[in-house]
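Read the structure below first, then the notes.
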Amino acid sequence: MNEPVTLLLLRHLFPHWSITLDGGVWRAGGRVLISSSHLEGLLDLLRVADPAAVERAAELLEER
């Protein structure tokens, strides 16, 4: 999946987070600010910071 599509998907799955990609760094701002140079790292940090949001995202993906 290319980065613009990934960014759109993440914004849809995590509406309470402001997710950006800038200069190769993924960032998410919500209750806290998290960042990672890798998408997988951002997702791991989102899981720690907001496990309920990850559960909702998984449920949305399962509906498809």
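Here, each number is a calculation from the coordinates, and none is a lab measurement. Computed from a predicted structure; not experimentally measured. As a convention, Cβ positions derive from the backbone with ideal geometry for all residues, glycine included, and neighbour counts pool all protein chains shown.
The set of residues from region 24-37 being under 12 Å from Glu3 (Cβ atoms) and exposed (fewer than 12 other Cβ atoms within 10 Å of the Cβ) comprises just one member, Gly24. From the list Ala52, Ala57, the lone residue that is among the small types (Gly, Ala, Ser) and in contact (Cβ under 8 Å) with a residue 40 or more places away in the chain is Ala57. Against the conditions (1) out of contact with any helix residue (DSSP H, G or I) (no Cβ under 9 Å at 6 or more places or on another chain); (2) closer than 19 Å to Glu55 by Cβ; (3) of a type in the set (Gly, Ala, Ser), Ala28 satisfies every one except (1). Within the bounds of region 3-10, is there any residue that is out of contact with any helix residue (DSSP H, G or I) (no Cβ under 7 Å at 6 or more places or on another chain) and either among the basic types (Lys, Arg) or assigned to a loop (DSSP other than H, G, I, E, B) (or both)? No.
On the basis of being assigned to a helix (DSSP H, G or I), surrounded by 16 or more Cβ atoms within 10 Å (Cβ to Cβ) and over 9 Å from the mean Cα position of the chain (by Cα), does Ala53 make the cut? Against the criterion (assigned to a helix (DSSP H, G or I), surrounded by 16 or more Cβ atoms within 10 Å (Cβ to Cβ) and over 9 Å from the mean Cα position of the chain (by Cα)), Ala53 qualifies. Number of residues in region 12-23 that are free of Cβ contacts under 8 Å to residues at least 40 places away in the same chain and either surrounded by 14 or more Cβ atoms within 10 Å (Cβ to Cβ) or part of a strand (DSSP E or B) (or both) equals 6.
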